[in-house]
1. Can you name every residue in segment 95-109 that is in a helix (DSSP H, G or I) and either within 15 Å of the chain's Cα centre (by Cα) or crowded, with 17+ Cβ neighbours inside 10 Å (or both)?
2. Can you tell me which residue within segment 288-345, out of those that are hydroxyl-bearing (Ser, Thr, Tyr) and not assigned by TED's automatic domain parsing to the domain that holds Lys39, is surrounded by the fewest Cβ atoms within 10 Å (Cβ to Cβ)?
3. Being buried (at least 16 other Cβ atoms within 10 Å of the Cβ), over 35 Å from the mean Cα position of the chain (by Cα), within 19 Å of Leu397 (Cβ to Cβ) and in contact (Cβ under 8 Å) with a residue 40 or more places away in the chain: is that true of Glu348 here?
4. With under 20 Å from the mean Cα position of the chain (by Cα) and of a type in the set (Val, Ile, Thr) as the only criterion, which of Ile142, Ile133, Ile117, Ile171 stands out?
5. If a residue has to be outside any loop (DSSP other than H, G, I, E, B), small (Gly, Ala, Ser) and without any contact (Cβ under 8 Å) to a residue 60 or more places away in the chain to count, how many in segment 203-241 make the cut?
6. Given the criterion surrounded by fewer than 24 Cβ atoms within 10 Å (Cβ to Cβ), part of a loop (DSSP other than H, G, I, E, B) and in contact with a Lys or Arg (Cβ under 9 Å, 6 or more places away or on another chain), identify the matching residue among Ile67, Ile20.
7. With respect to Thr46, is the statement that it is under 20 Å from the mean Cα position of the chain (by Cα), of a type in the set (S, T, N, Q) and crowded, with 19+ Cβ neighbours inside 10 Å true?
8. In this structure, is Ala284 assigned to a helix (DSSP H, G or I), in contact with a Pro (Cβ under 9 Å, 6 or more places away or on another chain) and buried (at least 24 other Cβ atoms within 10 Å of the Cβ)?
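The values are calculated or read from the model by the stated rules, or taken from the named source; none is laboratory data. Predicted, not measured: the structure shown is a model, and the values here were computed from it. For neighbour counting, all protein chains shown are included, and Cβ atoms are generated from backbone atoms with ideal geometry for every residue, glycine included.
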Amino acid sequence: MEISDVFQAKKRLSKVIHKIPLEKSSRFSDITGGKVYLKCENRQLTGSFKVRGAYNKIAKLKQNGSITDVIASSAGNHAQGVAFAAKKNGIEATIVMPRSTPIAKISATENYGAKVILFGDCYDDAHTKAVEIQKETGAVFIEPFDDEDIIAGQATVGLEIIDELEDADVIFVPAGGGGLLAGVAKTVKSLKPSVKIIGVQAEKADAVCRSFALKKHTSLDSIFTIADGIAVKNPGELTFSIIKDYVDGMVTVSDEEIASAIIELIERTKQIVEPAGAAALAAALNGRYDISGKNAVCLLSGGNIDVGFIHKIIEKGLIGRGRELNLAVVMRDVPGGLSRISGIIGEENANIVSVRYDRASAELHLNEVILHITCEVGGHGHTVRLLNKISEAGYRLM
């Protein structure tokens, strides 16, 4: 991919994608000590940056010759980008998606007119099936990341960032297969070498991080993360060849940190961002790279999150931030026992959300019960005070 390809992609996309300006966050700036700007691709057409690469690829294919149908594999966002681009260009599309794909992403892909086939447990399984179908049908395969035209389309994000923020110092970019990171890194470093590009992955889906550290392409046997959009076992060969030359550093974040960043975005910016899309902000907020005194851009890559999954992420994030506490209290199984423990919790201004009794545990003595209590608390300090108060009252915590 050459920089001229990125400018050509920008022309193809100029009348298609949304123009979304950078958004400065005072809250996140205060936390990090830098000036934090958000590149909100969660508000992009189809809900993520993926439409850029997919549209650039399909529009270029149509421009250069006859094409009637395409096939792709995707965990969700690439699927929607391909489906939209195909429909816009009058082309049939088939998408193979993992069975674990959120229902919202499946429905959205079908609503754009594509045929969806569910196969396998992760992106890589779906990719294998899609290649098999492509050989049978002869449809044009639209790679999700390891393709020059796809990378050039994603790279237009980098052009927009440095066009708008000329004095940018650092850009945090999430990475799964590496198309977005490769495109942004090569484009930004070619036009403005002083800008640091930091790639971000989920710590249990860190193939690009490992490849970067080992200086050779590396794949994983298994992955596990709430960030399905960047859950890729085998990153691209082409993308990694670019990443190793142009990216300044790779970092990882935990699922708890991603969930916490999602809550911050909901509470502070009123934006819904999917787990993969919040990874870059999670890295900045948790000090994975020092941005104090610097202009930093966090690329929120997508916002396609299943509504039914949001409450699970919020609960995970609240626990990680010390806003929700799960207690296991051993107490005597006598009348008034619940009232007494609830009184202590109430006196410490914590709010009980749920209570569950466990009388069957082998660890219990006769006439004992384990009380599982979930409460809302005001942070880690509040949690410590509450736990101390319960212990001082003679209760045993498990």
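1. Correct list: Ala104, Lys105, Ile106, Ala108, Thr109.
2. Looking at residues that are hydroxyl-bearing (Ser, Thr, Tyr) and not assigned by TED's automatic domain parsing to the domain that holds Lys39, I get Ser339.
3. yes
4. Values: Ile142 fails: under 20 Å from the mean Cα position of the chain (by Cα); Ile133 fails: under 20 Å from the mean Cα position of the chain (by Cα); Ile117 fails: under 20 Å from the mean Cα position of the chain (by Cα).
After applying the criteria, what remains is Ile171.
5. Step one: filter segment 203-241 for residues outside any loop (DSSP other than H, G, I, E, B), giving 207-214, 228-230, 237-241.
Now restrict to residues that are small (Gly, Ala, Ser): 207, 211, 213, 229, 241.
Next cut, without any contact (Cβ under 8 Å) to a residue 60 or more places away in the chain only: 207, 211, 213, 241.
Here the count works out to 4.
6. Details: Ile67 fails: in contact with a Lys or Arg (Cβ under 9 Å, 6 or more places away or on another chain).
Every option except Ile20 fails the conditions.
7. yes
8. On the way: assigned to a helix (DSSP H, G or I): yes; in contact with a Pro (Cβ under 9 Å, 6 or more places away or on another chain): no; buried (at least 24 other Cβ atoms within 10 Å of the Cβ): yes.
Judged against the criteria, Ala284 is not a match.
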